[in-house]
């Protein structure tokens, strides 16, 4: 090849080579960026779903805590050293201030799936333990609530109520452990 031909071919070849390399590098860069964007979107979606599930589970645990506090109040009414009239007044006061109690007692057991869906063995174990611990006090509370809402007045003398103080303390302990586990799970995204 002549020198003139080389002077034309080498720059053209170099320009074509640079164009191809630039095209492939740019395409590779945009493909990598696209994959990163898709991964980020997927991570954000998973994080939002995880946060929603944690929030639902926290609501269930908080509701169990409220019900346990109500159990504590009812238990203390029955254990207090006061007249039957005072106990009746205290229970009627609790009933008036907790009008959503019957539906809450029914709904809380239906919402347990919010904890199961997190698929955490420790949290599920704590939930089962809490359920078995609170079953009798909750059953008693539901019976009291049904009697309170069926009549305007409830006669305490007609009711036989056990002392659930130890069970309520154990339920408090389990609820605290469940809240701590939920806090730990909230820090991770699957």
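Readers should treat all values here as calculations from the given coordinates under stated rules, not as data from a laboratory. Computed from a predicted model, the values in this text were never measured in an experiment. Counting neighbours? That spans all protein chains shown, and the Cβs are built from the backbone with ideal geometry, glycine included.
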Worksheet item: By how many nm would the segment from residue 21 to residue 104 lengthen if fully extended, with 0.36 nm per residue of separation less the alpha-carbon distance?
Response: 23.2 nm
Discussion item. If I take R0 = 41 Å and measure r between the Cβ atoms of residue 13 and residue 41 in this structure, what FRET efficiency does the formula 1/(1 + (r/R0)^6) give, to the nearest 0.05?
Written reply: 0.45
Worksheet item: Tell me, 3, 129 in order of fewest to most beta-carbon neighbours within 10 Å?
Response: 3, 129
Worksheet entry | 20 °C / 1.002 mPa s Stokes-Einstein diffusion coefficient of region 1-87, Kirkwood radius on C-alpha pairs, µm²/s | 105 µm²/s
Worksheet item: Any number yet on Rg/Rh for region 1-49, C-alpha, Kirkwood?
Response: 1.51
Worksheet entry | Inter-site label distance for residue 183 and residue 89 at 7 Å from Cα along Cβ, in nm | 4.1 nm
Item to complete: Starting with the highest mean, order 71-78, 42-49 by the number of other Cβ atoms within 10 Å, averaged over the residues of each peptide.
Response: 71-78, 42-49
Worksheet item: Of the peptides 55-62, 9-16, how do they stack up when ordered by the mean number of other Cβ atoms within 10 Å, highest first?
Response: 55-62, 9-16
